[in-house]
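Each remark here refers to the structure printed beneath this line.
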Amino acid sequence: MRIIILCFLVFTYNVCAQQDFNSFKTLRSEGKIPDDFSRLTVEKIQEDKGNTDRSLSKAQEKIFLEGIHYGIDQLLHSGMVIYGDEISNYVSDVADKLLKKKFASLRGKLRFYTIKSNASNALSTDQGIVFVTTGLLSQLTSEAQLAFILAHEIAHYQEKHVVESFEYRNQRNRNTIKQLSVYSKEKELIADKVGIEIYNAAGYSKSQLLPSFDVLMYSYLPFEEVTFPKDYFNTDLLFVPESFFPNKKFEIKAIEDYDDSESSHPNIKKRKSEAVSVIDAYKKWGDNINFLGEDRFYYTRNLCRFESIRTDILNANYGDALYSIFILEKEFPKSDYLKRMKAQSWLGLAQYKSDGTINETIDRNSELEGEIASVHYFIKKLNLEATITMSLRQIQDIKNDLPNDEEIYSIWKKILLLSADVKKFNINNYSNLTFNNAVGAKEEVKDSSEIKKELESLNKYERIKRKKNYTDPTVFDSTKFYHYALTDLIEDEVFISKYNHVRDSLDLIQKEIEEYNDLSYYEKRKLNKEKAKTKEEGSGITEFILVEPAAISYKKRRVDYKASERIKSRYEEAINNAGDFLDMSIYTINSKNLNELGTLGFNERSTLTNLLFQFSQNQDIDVFPVDFSYLKEIEKNYGTSKIVFTIVEHAYSPEFSSSALWLIFYPPALLGYLPIPFMNGNVTELNLLVLDTKTGKVDKGISYTFNEPTTKLILESRMYDILKNLKN
Amino acid sequence: MISLKTLKTNLKMKNYILIFCTFCISIVSYSQVNGFFGKKNYVDFGVDVHSPLLYNFYNALNSYETELSFLNYGFHITYSRAVQSNLAIGLEGGMSYFSVAPAQVSSGDYYNSLFESIRISKYSFMPKFEFAYNDALLPIGVSNQVGIGFNYYKALENNYSGSLSNFDDFGVSQPINITDENYFNFRDQETVKGYTFMYKLTMRIPINKSFLYHFGFRYTFNFVPNFSDLLGDLSQTDNTNSTEYILSQNDIDYSIKVKENRSLIMFETGITFAF
């Protein structure tokens, strides 16, 4: 009976824990925070001292341990890594199945975490951590393929390739790219060989081995290769002419036998060929493809695919995100998550287009490959007015679908603001007829291709006049399809009134700016003083969330990790002391108090770090936070929407002027000169950023460069200055 | 499947912070609040020392029973007010001591005189301004100070000794005491006036929220006028102006001029009180 109850509990737990893709939320870490995340880097280094199993000198060991621990800890705390989630657990369970027989002893030494990245990668570290990216998992077609990739990574760990590579690189005359490439490729082939042994011992089917290499080769393409229909965007209110889509296929260029002379990995052809000979050496093979079941594999893969959309938006790859949404919409047409992501993508596209930086979000012509090229091609074809219209149309449709959704409403407000701000977009240019109705309304309809032909037959002056006064009612220009895409909105009084209100407000601001610019220096100064006087006291920031301050100390142009840790600790204390002094409430989320804050704190920290990452993509864009709902939770938990990110960098490097060499001919002057570079040798740079999750904007960006050391009181006085400014 | 290096390159969040913060400056205005924890007024109490070795060697060789002194020292006090985060104005008063070797004189029956180094006190007053580069926040950190002011010099009364030889003695030296009014009248001596130009490079490091430790180097150029007189005195062998005293006011002036008409580098350290 107990067993039945237990089974029931386990079953219900699994059912409850599973994500409903219709209301999917990006995965977060779960359970107890692992030591890898909560322990301090210095502790890890201390513990590993003398345990590298290699004949490294003390100095080399120090460099090696600092390199791997600080590097990996940086990754662990980058906001991209999650633990205890369904994906990590799945990977971990596959590892349980994989490590059998003589490899079983390895299991206890390994930990598995997921990186939210669309790069198709896996990585093992000397510490026994194996990372797998969501991008890789979303590309796989079976559990066995994952098993082989894990086996390959575990082989790297078992064979101590990380430390071996370090030793190799440190030997004389062995550090050219070609030499390193040859060495690295040898190690990869060894890892393939040992990986196949592990894979075979676990009883997986050999049929999945060679396809694993295909996954790697084509992983730069989206997770599915499906034709993007030309009528995808067409609805009752919107019609996009086919001429906006390519009339050719974009060839997939990847080949197996590419030049790998400077690569870290052998090309796929060589790997496959080596793998075939290893596979043939084993007589006995299992036939398992999915030990954990097909359903669980596909479920996990879908989790990764859903995550990939968020990652694309985080990286401002909106074209890729729209293609992935298109693929997943077929299986999950009611997914609110997909709708939200679609709205965010279109908003992003409109923002980048109006900023003139749309090319940062879509592929270059030379990069267009496969079916996804249609989406990128389409986006490229849209002019600013068309992009804003398409965005407004898509977001409005989603808003109609989810009228009470706070996130969608916030996105909608942003697109409304943008459309009112862009001069080229004028709602008065829009027709109250839909595209199809407009076509039908013309007695003689001519398409843009016909207009083009007509124009070609005219001389230069007639052509100019014709273009300028083109009001022929019988001619219908399909390239202006977007003028017929907002028929519902232009008749919606509420929308028009809001649009006009925003436009008037923006005009007023613009007018004020122009008037201010016309003022003389003294008039401006007077006005600023008056404004400062009328400013309400206490209207500034009195509380904020401080995301772990970062500190980097350089010594001889290299990062001095220990000194960096010391400065970081001092800096954090300085910020808190200054905050106390000014009676401000500071809620700190850092790796030191992760044990205390637990997984909740870790997740909050990751969300905020991702927010910063998203903002960093383009500083001129009023970005919409991809993790909107989690940010709202944080705002609610802490009672503030102000997030502070800060970093301090320090180097002591006296700079001697070359012209000072002449002073050796007059020693007293040299004596007088020498103290100057030494005293000015400290260079400290302090950067601080205040983000407001409520407005999604940067409240303050502060940067100081000063010639001072980084003592606690110096940092504290700096922070006092900054915080006082923020407060007032 | 990938190298750690590649992955790390993709994940350098800190670099993004930097890049982002740097760019943000262009879009968000910000001005610093002056002062150290809001304290814009500060007083420096300092000691400056320097080691004029060459001069002191010269001094020792040309003085009577004078020990070689390695260090000269002085005190100063400065009040400053930060008018901007990187600009302050102030007023400095200082006092320092040094020794001079009075020139050898031949007066009346005497020749080949050697005197013990005479201690000179110097008082200086100067308005000065202080500035710092980049995003300084005075008074902390490295700053540059420039001042132009006045110096006042006076010989200190003491039981100085010396030796004199006269022709009658056939060159045999006789110890004398300079305080003896026959030799120099300390009480009625005139104050020597001069000008000073000062540049100082200072580093102030906070000790607590009110006090800072400071150190730095002070470069001064002192100028005692009437340089023509000084040139005239360079070949001084006969102190005709002074018949009453063996060592005259001119001798003291001359010695101060020789000592002071040169630039000096001094190490300076002290405490700053901010309020």
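Values for this structure:
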item	result
The lone exception for A:Val626 - which of (1) β-branched (Val, Ile, Thr); (2) modelled with pLDDT of 90 or more; (3) more than 29 Å from A:Val422 (Cβ to Cβ) it fails	(3)
In the range A:542-561, the residues that are closer than 25 Å to A:Leu631 by Cα and away from chain B (no Cβ under 13 Å)	A:Thr542, A:Glu543, A:Phe544, A:Ile545, A:Leu546
From the options A:Phe291, A:Phe244, residue that is touching a Gly at 6+ places or on another chain (Cβ under 9 Å) and touching a residue at least 24 places away in the same chain (Cβ under 8 Å)	A:Phe291
Only listed residue being in contact with a helix residue (DSSP H, G or I) (Cβ under 9 Å, 6 or more places away or on another chain) and closer than 21 Å to A:Thr361 by Cα, chosen from A:Ile313, A:Ile268	A:Ile313
Residue that is nearest to A:Phe223 (Cα to Cα) [pool: residues in the range A:109-122 that are of a type in the set (S, T, N, Q) and more than 10 Å from chain B (Cβ to nearest Cβ)]	A:Asn118
Segments classed as helices (runs of 4 or more DSSP H), wholly inside the range A:665-728, with at least 1 members that are surrounded by 22 or more Cβ atoms within 10 Å (Cβ to Cβ) and at the interface with chain B (Cβ under 7 Å from one of its Cβ atoms)	A:712-727
Residue count, the range A:29-38 (criterion: crowded, with 17+ Cβ neighbours inside 10 Å and at pLDDT below 95)	5
Subset tally (residues that are touching a Cys at 6+ places or on another chain (Cβ under 7 Å), in contact (Cβ under 8 Å) with a residue 24 or more places away in the chain and of a type outside the set (Val, Ile, Thr)) for the range A:689-728	1
Flag for A:Asn302 being under 28 Å from A:Ser92 (Cα atoms) and not in a helix (DSSP H, G or I)	no
Per-region count, the range A:584-618, residues part of a loop (DSSP other than H, G, I, E, B) and without any contact (Cβ under 8 Å) to a residue 12 or more places away in the chain	1
Contacts under 8 angstrom Cβ, first residue in the range A:65-86 being away from chain B (no Cβ under 12 Å), partner aliphatic (A, V, I, L, M) and in a loop (DSSP other than H, G, I, E, B), 6 or more apart	A:Ile82/A:Leu27; A:Tyr83/A:Ile33; A:Asp85/A:Leu27; A:Glu86/A:Leu27
Residues satisfying the stated conditions in the range A:61-86, i.e. aromatic (Phe, Trp, Tyr) and under 19 Å from the mean Cα position of the chain (by Cα)	A:Tyr83
In the range A:227-236, the residues that are touching a helix residue (DSSP H, G or I) at 6+ places or on another chain (Cβ under 6 Å) and surrounded by fewer than 18 Cβ atoms within 10 Å (Cβ to Cβ)	A:Lys230
Counted residues, the range B:237-264 - those being of a type in the set (Gly, Ala, Ser) and either modelled with pLDDT of 75 or more or touching a helix residue (DSSP H, G or I) at 6+ places or on another chain (Cβ under 6 Å) (or both)	1
Selection from the range A:581-613 of residues that are among the charged types (D, E, K, R) and under 30 Å from A:Tyr652 (Cα atoms)	A:Lys592
Scope the range B:125-140; condition within 11 Å of chain A (Cβ to nearest Cβ), closer than 16 Å to B:Gly216 by Cβ and surrounded by fewer than 23 Cβ atoms within 10 Å (Cβ to Cβ); matching residues	B:Tyr133
Qualifying positions in the range A:568-615 - within 13 Å of another protein chain (Cβ to nearest Cβ) and among the β-branched types (Val, Ile, Thr)	A:Thr609
Enumeration of residues in the range A:710-719 that are touching a helix residue (DSSP H, G or I) at 6+ places or on another chain (Cβ under 6 Å) and within 15 Å of A:Leu689 (Cα to Cα)	A:Met719
Extreme residue, surrounded by the fewest Cβ atoms within 10 Å (Cβ to Cβ), among residues of the range A:93-121 that are modelled with pLDDT of 95 or more and of a type in the set (A, V, I, L, M, F, W, C)	A:Leu110
Any hit, the range A:646-653, residues being assigned to a strand (DSSP E or B), among the acidic types (Asp, Glu), touching a helix residue (DSSP H, G or I) at 6+ places or on another chain (Cβ under 8 Å) and within 30 Å of A:Glu565 (Cβ to Cβ)	yes
Lone qualifier among A:Ile268, A:Ile279 - being in contact (Cβ under 8 Å) with a residue 40 or more places away in the chain and surrounded by fewer than 19 Cβ atoms within 10 Å (Cβ to Cβ)	A:Ile279
Condition met for A:Phe297 (in contact (Cβ under 8 Å) with a residue 60 or more places away in the chain, on the phi < 0 side of the Ramachandran plot, part of a helix (DSSP H, G or I) and buried (at least 17 other Cβ atoms within 10 Å of the Cβ))	yes
Any hit, the range A:97-108, residues being within 29 Å of A:Ser308 (Cα to Cα) and within 14 Å of chain B (Cβ to nearest Cβ)	no
Among (1) modelled with pLDDT of 85 or more; (2) more than 35 Å from the chain's Cα centre (by Cα); (3) among the charged types (D, E, K, R) - the single one A:Lys468 does not satisfy	(1)
Options A:Phe306, A:Phe291; residue that is away from chain B (no Cβ under 14 Å) and surrounded by fewer than 23 Cβ atoms within 10 Å (Cβ to Cβ)	A:Phe291
Odd one out for A:Gln127, checked against (1) under 24 Å from A:Lys206 (Cα atoms); (2) outside any helix (DSSP H, G or I); (3) not hydroxyl-bearing (Ser, Thr, Tyr)	(1)
Every residue from the range A:123-148 that is within 10 Å of chain B (Cβ to nearest Cβ) and modelled with pLDDT of 95 or more	A:Phe131, A:Val132, A:Thr133, A:Leu136
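The values are calculated or read from the model by the stated rules, or taken from the named source; none is laboratory data. Given the structure is predicted, the values throughout are model-derived calculations rather than measurements. Methodologically, a virtual Cβ is constructed for each residue, glycine included, from the backbone with ideal geometry; neighbour enumeration extends over all protein chains shown.
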